[in-house]
Amino acid sequence: MPDQPQPTLPDIERTAASLRGLARETPVCEWQDPFLSRRTSASLVLKLELFQHTGSFKPRGALTVMRSLPPDALRRGVTAVSAGNHAAAVSFAAARLGSTAKVVMPKTANPARVALCRAWGGDVVLVSDVREAFAAAERIQADEGRTFVHPFEGPLTALGTATLGLELVRQAGPLDAVVVPVGGGGLAAGVAAAVKLAAPGTTVYGVEPVGANSMTRSFMAGSPQQAGPITTIADSLAPPYSLPYSYGLCRQYLDDLVVVDDDMLCEALYQLFRGAKLAVEPAGAATTAAVLGPLRDRLDGKRVGVIVCGANIDAENYARYLTRGAALAASLP
């Protein structure tokens, strides 16, 4: 674990207090569904983080990082690299804190997310790919004096995402397990730390796409690893690599890590639409996919917190994944 401060329960509580009026305390709900009960005997409590500002959990970390900046740094503004959700969150946080954001996104980014960034006042710079995006952000830092806000790494980001875990524990009551999505690890690191500190007996599972499994590779290697070829529809869970701080917290606090494929994601996306009336992006369906797939036997009969992390997707792709998921669900016994 890098020599950086780890989250403590008092630190998480102070962070949560500092975000009141800036980030939403998103609701939880019991998912009661006779069709779903044929697939699992787990009692599912959904943490509806898709209702956070900008449609994902990302403002918690962005706001926490940016609130720590001195006034002159906020005046110079911030920059970020993202395929969408983080860029939107940084744009939102800049608007809320009286700053400005110049965000760098690959040209392949979903147009709906690009539009969302601009709607929140972000100055969007489109480049060819993620590697060029990081180089462009470095130039912006050097030329304009903007502060770089990392999408998932660092103690402040983890404190921000930990507020979600603390909310879940306090809203839901006793839980046997919590399932959290894993991309770069910033969300999983904070949530897992908060859950283990507030409710030590709760098991915490991470889930990432099989086509973007840098954290699984890192767990197997014992150190942060580069991602392999990215081949998943869950682009919000597809960073180019894992990094030491978030990896260290995930390694410390996650009890296990599982992977799900695109078919599982589509079917879970459909189940959330059909049964819970939620329209989510593939990343937002990852935890449900894990509950219905690789974690099903381990979670049967358990009371489980399921984090629904985001919902930023365009109508065309959503309809395509929904149709695919409905067909897969119909083929199940």
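General remarks:
- Residues within the range 215-262 that are touching an Asp or Glu at 6+ places or on another chain (Cβ under 8 Å), small (Gly, Ala, Ser) and in a loop (DSSP other than H, G, I, E, B), tallied: 1
- Candidate set: the range 26-39, residues that are in a loop (DSSP other than H, G, I, E, B) and at pLDDT 95 or above; chosen: the one nearest to residue 174 (Cα to Cα): 27
- Residue satisfying condition, being buried (at least 24 other Cβ atoms within 10 Å of the Cβ) and either among the aliphatic types (A, V, I, L, M) or outside any strand (DSSP E or B) (or both), within set 206, 201, 211, 190: 190
- Condition met for residue 299 (under 21 Å from residue 177 (Cβ atoms) and touching a Pro at 6+ places or on another chain (Cβ under 8 Å)): no
- Residues that are under 16 Å from residue 120 (Cβ atoms) and charged (D, E, K, R) within the range 49-97 comprise 58, 60, 96, listed in sequence order.
- Residue in the range 131-148 that is farthest from residue 87 (Cα to Cα), counting only those that are of a type in the set (D, E, K, R) and not in a loop (DSSP other than H, G, I, E, B): 143
- The condition (being part of a strand (DSSP E or B), among the hydrophobic types (A, V, I, L, M, F, W, C) and modelled with pLDDT of 95 or more) is satisfied by just one residue among 90, 103: 103.
- Enumeration of residues in the range 213-247 that are of a type in the set (A, V, I, L, M, F, W, C) and farther than 26 Å from residue 6 by Cα: 230, 233, 234
- Positions within the range 1-31 being in contact with a Ser or Thr (Cβ under 8 Å, 6 or more places away or on another chain) and not charged (D, E, K, R), in sequence order: 12, 15, 16, 18, 19, 23
- The listed residue being surrounded by 24 or more Cβ atoms within 10 Å (Cβ to Cβ) and either at pLDDT 95 or above or farther than 14 Å from residue 312 by Cβ (or both), out of 23, 73, 95, 17: 23
- Test: residue in the range 252-265 that is buried (at least 24 other Cβ atoms within 10 Å of the Cβ), under 25 Å from residue 326 (Cα atoms), touching a Pro at 6+ places or on another chain (Cβ under 8 Å) and not β-branched (Val, Ile, Thr): yes
The values are calculated or read from the model by the stated rules, or taken from the named source; none is laboratory data. All values derive from a computational prediction rather than experimental measurement. Quick reminder, even Gly has a Cβ in these numbers, built from the backbone with ideal geometry, and neighbours come from all protein chains shown.
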